[in-house]
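Just so it is clear, none of the values below were taken in a lab; they were calculated from the coordinates. Since this is a predicted model, take the numbers as computed values, not measurements. Note that we place each Cβ from the backbone using ideal geometry, even for glycine, and neighbour counts take in every protein chain shown.
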Amino acid sequence: ADFDAKKKRKVAEIYQALNSDPINVATLRRMAISEGGLLTDEIRCKVWPKLLSVNTDDLPPLPARKELREDNKDYQQVLLDVRRSLRRFPPGMPDDQREGLQEELIDIILHVLQRNPQLHYYQGYHDIVVTFLLVVGDRLATALVEKLSTHHLRDFMDSTMDNTKHILNYLMPIIDQVNPEVHDFMQSAEVGTIFALSWLITWFGHVLSDFKHVVRLYDFFLACHPLMPIYFAAVIVLHREQEVLDCECDMASVHHLLSQIPQDLPYESLISKAGDLFVQFPPSELAKEAAQAAQAERTAASTFKDFELASVQQRPDTVLRQRFRERLRGEERLRGEERTKSILTKPRTNRFVKLAVMGLTVALGAAALAMVKSALEWAPKFQLQIFP
């Protein structure tokens with residue numbers, strides 16, 4: 001009963017903020033961050049536009065589907081990603097309803113891209129868009145997603161991964177401030193930050209199976225600084241301190257552990273902890289460490305450095321060599337060794353790229369590869385998927 005009373009008070013406070021003139025956006029932000037977030041989708045429909053300064057009285061009409069899809073360079077990829085997004089729809093939703101929503105999802109994405117040619121589609125973007133579609137419907141979702149794409153998500157939508165990589169470089173300095181032991185362990189394991197990539201670029205929409213947790217996080221992120229998702233990622237790692245320290249100290253093991261996100265996280269306490277850390281260690285203070293992190297990391301995987309570098313100074317080359325050996329089994333041992341050496345020193349040969357890709361896939365999962373792919377315009381042959 002106490003909880004219900006608190007909830008009622010919160011709803012009343014939200015409506016009061018919405019109805020005041022001018023609208024009290026500061027209160028709405030506080031409500032979105034504080035325990036329980038915005039509580040209902042009905043409230044989200046009213047508050048999310050205010051958090052993004054979107055005028056709901058003046059929504060542009062949606063363009064005709066046929067025109068949108070003809071000659072659109074992203075259509076095929078968007079179609080593939082959306083078709084694979086079944087689990088992002090509520091279980092038990094009738095197929096025809098879900099299929100209708102999937103068509104709307106494609107339209108929203110293509111519409112935003114068409115209106116903003118400076119934005120580049122990335123795999124995982126649809127995970128963010130579907131969240132908005134399910135909460136606020138297609139017209140409002142289109143306006144909110146467009147605003148979000150030109151602001152909060154802008155760095156992910158560049159033609160290269162450089163800015164996304166830069167944001168990931170904030171992760172380790174945050175962990176270091178709070179728990180140097182975990183930080184040093186992760187550095188020794190050379191795990192990098194790839195495990196948090198899909199968390200960051202989908203605002204956790206791709207990795208959390210319960211929709212109510214996803215929208216709770218969206219309340220929080222919409223009310224905060226665009227870098228908040230990386231603080232939240234750090235808090236998840238810190239929350240798992242014991243598991244991390246009990247893990248084998250090697251890249252594959254730690255990467256595997258961290259990329260499997262537990263579904264029973266204590267969201268409310270993690271949200272308030274992320275908020276606290278943001279206040280204690282604002283991005284401006286961490287910027288120097290983030291830049292140093294970029295300098296210090298030499299692993300091809302963690303900084304998505306060009307494969308050319310991979311041949312000379314790649315820390316996981318032991319992993320690569322081991323994989324090569326497995327591939328080359330059955331050939332003469334000595335010849336195998338020599339071939340490995342020559343492959344590692346000739347990054348441009350097709351064979352090197354193929355084998356390196358196989359090796360890294362096993363070690364790091366597909367995410368690293370998709371990054372490598374975006375850094376490597378010269379390897380379009382690989383249709384690498386970030387997301388299984």
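Can you give the FRET efficiency to the nearest 0.05 for T56 and A291, using r as the Cβ-Cβ distance and R₀ = 30 Å?
0.15
Percent relative contact order of the range 161-313, based on C-alpha pairs within less than 8 angstrom and at least six residues apart?
Values: 151 pairs, mean separation 55.2, N = 153.
Relative contact order of the range 161-313: 36 percent.
How much length is gained on full extension from S159 to T40, taking 0.36 nm per residue of separation minus their Cα-Cα distance? Show your work: numbers first, answer last.
Numbers: separation 119, 0.36 × 119 = 42.84 nm, distance 3.61 nm.
The span from S159 to T40 would gain 39.2 nm if fully extended.
Using 0.36 nm times the number of residues separating Q77 and H151, minus their current alpha carbon distance, what extension gain do you get? Intermediate results must be reported in sequence, preceding the final value.
Details: separation 74, 0.36 × 74 = 26.64 nm, distance 2.31 nm.
Separation in residues times 0.36 nm, less the Cα-Cα distance, equals 24.3 nm.
So which of K165/K273; K8/K46; K46/K273; K10/K212 end up more than 20 Å apart, counting from Cα to Cα? Working shown, then result.
Working: K165/K273 24 Å; K8/K46 17 Å; K46/K273 27 Å; K10/K212 18 Å.
Result: K165/K273; K46/K273 exceed 20 Å.
Using 7 Å Cα-to-Cβ label points, what is the D2/D96 separation (nm, one decimal)?
Calculated label separation equals 4.9 nm.
Normalised by the number of residues in the range 1-156, what is the relative contact order in percent for Cα pairs under 8 Å and 6+ residues apart? Don't skip to the answer; put the middle values down first.
Working: 111 pairs, mean separation 37.1, N = 156.
Computed value for the range 1-156: 24 percent relative contact order.
Determine, for each peptide in 60-66, 289-295, 192-198, 171-177, the mean count of other beta carbons within 10 angstrom over its residues, then list the peptides with the highest first.
192-198, 171-177, 289-295, 60-66
Work out the FRET efficiency for A26 and E70 from their Cβ-Cβ distance, taking R0 = 51 Å, and round it to the nearest 0.05.
Details: r = 45 Å, r/R0 = 0.88.
So, using R0 = 51 Å, E works out to roughly 0.70.
Can you return the aspartates and glutamates within cross-link range of K147? Criterion is Cα-Cα under 19 Å, with same-chain partners fewer than 8 residues away left out.
D57, D58, E104, D107, D127, D138, D155, D158, D219
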